[in-house]
Amino acid sequence: MKAFLVFAVILAVAVAEMHEMMGEQFKKECMDQEKVDASELEKVRSGQLDNPSEKLKCFNRCMFEKGGFFKDGMFVDEKVKEFLNKHTQKEHMLTAYEDCKKIKGTNDCDTTFKVFECMHKAHMP
């Protein structure tokens, strides 16, 4: 159980790192483009993913697109798997991704956020 808890924390950190890896360069561009409020981004950074605004969802899509993880309405498996393979818990991360990427939202913004949320919550006790 303790190892499972450690994995859950590692998974949450890895998902947050994906946004960090994409960096500040994309963050400002996507914030301006989607007009998302900085306080909403802080909530996500602290793990509060409930009731996201459409602007936040579209910010998330923008970040994934600019990072090369999402294109033409689909996740770019090669790019996502390349990123996930860098983590010590890569097998668990890849399994979670294979499950989460099947989720479809009402539009690209909704889909990318739901997959992000799924990856964040995957394997939580």
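Filtered by the rule that a residue be part of a loop (DSSP other than H, G, I, E, B), farther than 18 Å from Lys101 by Cα and at pLDDT below 90, segment 24-62 gives Asp37, Ser46, Gly47, Gln48, Asp50, Asn51.
Going through segment 63-116 one residue at a time, which ones are surrounded by fewer than 18 Cβ atoms within 10 Å (Cβ to Cβ), among the aliphatic types (A, V, I, L, M) and either touching a Cys at 6+ places or on another chain (Cβ under 8 Å) or in a loop (DSSP other than H, G, I, E, B) (or both)? Val76, Ile103, listed by residue number.
Contact annotation: residue pairs with Cβ atoms under 8 Å, 6 or more positions apart or on different chains, pairing a residue in segment 30-51 that is without any contact (Cβ under 8 Å) to a residue 40 or more places away in the chain and under 14 Å from Cys109 (Cβ atoms) with a partner that is among the hydrophobic types (A, V, I, L, M, F, W, C) and assigned to a loop (DSSP other than H, G, I, E, B), are Cys30/Val36. Among the residues of segment 56-79, not one is aliphatic (A, V, I, L, M), free of Cβ contacts under 8 Å to residues at least 24 places away in the same chain and touching a helix residue (DSSP H, G or I) at 6+ places or on another chain (Cβ under 6 Å).
The values are calculated or read from the model by the stated rules, or taken from the named source; none is laboratory data. Here the structure is a predicted model, which is why all the values come from computation and not from measurement. Positions of Cβ are backbone-derived with ideal geometry, glycine not excepted, and every protein chain shown enters the neighbour counts.
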